[in-house]
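Novice: Mind having a look at this structure? Questions to follow.
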Amino acid sequence: MTDEVLAPHTPLIASADLPGIGGQIGPNPEDFVVEEMSAYEPSGAGEHLYVRVKKTSLTTPECIGIIARASGVREREIGSAGMKDKHAVTTQWLSLPARGTPAPETWKLPSTIEIVQVSKHNNKLRTGHLSKNTFRIRLVGVDADAAPKAQAITTHISKQGLLNYFGTQRFGRQGNNWNAALRWITGNPERAGRFHKKLYPSVIQSEIFNRYLTQRYGLGLGHLLQGEVVRLGTGHSLFCVQDLAAEQARYTAGELHLMGPIVGPKMKRAEADALALEQRIINEVDLSDEILQKLGEFGPGTRRDLIVFPESLSIEATAPPSPNAIILTFSLPPGSYATQLIGEYTRDFSPKVAASEARPDAVQSAAAPPE
């Protein structure tokens with residue numbers, strides 16, 4: 001591996017043939033509203049207390065810390081399905097052991113945390129126990145004719161889908177996480193702390209995925225590759241494409257979904273042309289088999305959809321109406337980044353708010369280590 005500093009890959013704009021609308025996320029927490037939708041509703045009975053919290057300008061770990069102190073429960077005993085942004089108004093479930101925990105109405109909480117629902121369930125909330133996240137995002141400083149241009153982009157995404165890149169915030173400010181991760185994996189990974197042992201593998205895996213997505217997009221997403229890993233229907237069944245003609249018909253009918261590599265020993269292996277493409281990406285970043293094996297000790301690997309289709313994607317007028325602001329509403333599946341969707345409109349994928357204030361937390365719809 002060379003000492004060259006590598007910049008994280010720049011995502012493509014799938015709607016680049018259409019004009020963008022300019023602008024950026026508004027400066028107030030209320031301009032970025034996220035509601036986490038659980039994979040299941042609490043049953044009302046069980047050994048775990050479920051509290052649905054609405055928090056303002058707090059990350060999920062910060063909120064958990066406050067609730068831990070208020071309830072007398074250790075932080076590690078509090079479960080969550082995903083990590084939510086700080087500069088936002090966010091709603092999500094948390095779980096605590098029911099036994100010995102005082103009633104939530106007795107907790108002394110700051111005004112930035114509101115408990116909106118209380119229930120019980122038979123298991124602790126774990127990362128990934130969510131179905132989707134819904135967003136309501138106000139964009140300010142947009143072009144005067146933003147509405148028709150935004151509608152054209154909305155139509156394009158509704159038909160073609162959103163390129164499911166990992167957002168720039170995964171790689172840290174100025175891409176620092178990416179090069180730090182490369183130094184980590186080529187050094188002595190075991191010496192890193194618990195936090196970085198989770199962060200750095202995901203950064204490397206995300207960069208390889210992003211580069212693969214761009215290369216695969218360049219080959220044309222309308223056809224399958226020999227040996228490509230695809231997902232069947234709405235489930236989690238994966239297989240390699242062997243009979244191109246037969247599987248192409250199913251792909252065209254929308255029955256199959258393209259998958260990209262999150263490298264690791266548990267990732268379903270591609271074959272033939274698709275495997276060769278993945279290997280080229282790995283060679284680009286100069287990761288040897290030895291390094292990949294070391295990486296696999298910290299990141300088991302999986303497959304990730306190349307394309308996602310936001311649900312209920314629409315444009316709302318602001319109240320009161322403003323010629324320089326619009327509101328986007330949509331839902332994304334776990335693991336997909338809202339900033340990628342916003343960037344298709346604004347042409348700016350950076351997690352920023354008005355007045356160039358940096359958003360310090362990951363703007364995405366599922367749990368991920370923060371920067």
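Every number in this text was worked out from the coordinates using simple rules, so none of it is lab data. Keep in mind it's a predicted model, so treat the numbers as computed, not measured. Neighbour counts run over all protein chains shown; Cβ positions are idealised from the backbone, glycine included.
Novice: At a temperature of 20 °C and a viscosity of 1.002 mPa s, determine how fast region 165-305 diffuses translationally according to Stokes-Einstein, using the Kirkwood radius over alpha-carbon pairs as Rh; express D in µm²/s, rounded to the nearest whole number. Working shown, then result.
Specialist: On the way: Rh = 15.8 Å.
Using the Kirkwood radius from Cα pairs, D works out to 135 µm²/s.
Novice: Ordered by packing density, taken as the mean number of other Cβ atoms within 10 Å over each peptide's residues, highest first, how do 307-314, 109-116, 160-167 rank?
Specialist: 160-167, 307-314, 109-116
Novice: Test of understanding: in a Gaussian network model of the chain with alpha carbons linked when under 10 Å, which of 175, 222, 46 would top the mean-square fluctuation ranking?
Specialist: Of 175, 222, 46, the Gaussian network model singles out 222 as fluctuating most.
Novice: Now for a separate question. Could you work out the local net charge near residue 247, counting Lys and Arg as +1, Asp and Glu as -1, over the other residues with Cβ closer than 14 Å to its Cβ?
Specialist: -3
Novice: Where does region 40-127 land on the Kirkwood hydrodynamic radius, alpha-carbon pairs, in angstrom?
Specialist: Result for region 40-127 stands at 12.7 Å.
Novice: How big is the convex hull of the Cα atoms of region 35-85, per residue, in Å³?
Specialist: Spelled out: Cα convex hull of region 35-85, divided by residues, is 93 Å³.
Novice: Okay, moving on. Using the Kyte-Doolittle scale, which helices in the chain average at least -1.0 and also have C-alpha atoms spread 15 Å or more along the helix axis, with helices defined as whole DSSP H runs? Present the calculation step by step, with values, prior to reporting the outcome.
Specialist: Numbers: long enough: 60-71 (16 Å, 0.68); 146-160 (21 Å, -0.37); 176-186 (16 Å, -0.51); 194-218 (37 Å, -0.81); 272-284 (18 Å, 0.00).
What comes out of the filter, once short or polar helices are dropped, is 60-71, 146-160, 176-186, 194-218, 272-284.
Novice: Counting only Cα, what are the radius of gyration and maximum Cα-Cα distance Dmax of region 207-263, in Å?
Specialist: My reading of the Cα-based Rg and Dmax gives 11.1, 32 Å.
Novice: Order these peptides, 198-206, 119-127, by their mean beta-carbon neighbour count within 10 angstrom, highest first.
Specialist: Final packing ranking: 198-206, 119-127.
Novice: Moving to a separate point now. What three numbers, in Å, describe the spread of the alpha carbons of the chain along their principal axes, ordered from the longest?
Specialist: 61, 53, 44
Novice: While we're looking at this one, here's another question. What number, rounded to the nearest 500 deg cm²/dmol, is the helix-based mean residue ellipticity at 222 nm of the chain, given -39500 (n - 2.57) per DSSP H run of at least four residues and division by all its residues? Display every interim value, and only then the final one.
Specialist: Details: 8 runs with 102 residues, N = 371.
Value at 222 nm, helices only: -8500 deg cm²/dmol.
Novice: I've got another one for you. Do you know the relative contact order of region 40-127, to the nearest whole percent, from alpha carbon pairs under 8 angstrom that are 6+ apart? Don't skip to the answer; put the middle values down first.
Specialist: Details: 178 pairs, mean separation 44.2, N = 88.
This gives 50 percent for region 40-127.
Novice: Report the GluC sites (Glu not before Pro) located in region 1-55 that are in a DSSP loop and have at most 13 other Cβ atoms inside 10 Å of their Cβ, or state none.
Specialist: Hits after loop and neighbour filter: 4, 47.
Novice: Report the relative contact order of the chain, percent, no decimals, based on alpha-carbon pairs under 8 angstrom and at least 6 residues apart.
Specialist: Reported as a whole number, the value is 25 percent.
Novice: Rounded to the nearest Å, what's the spacing between the alpha carbon centres of region 177-191 and region 125-169? Just the number, please.
Specialist: 32
Novice: Say R0 is 25 Å: what FRET efficiency, to the nearest 0.05, do residue 280 and residue 248 get from their beta-carbon distance?
Specialist: The computed FRET efficiency comes out at 0.60.
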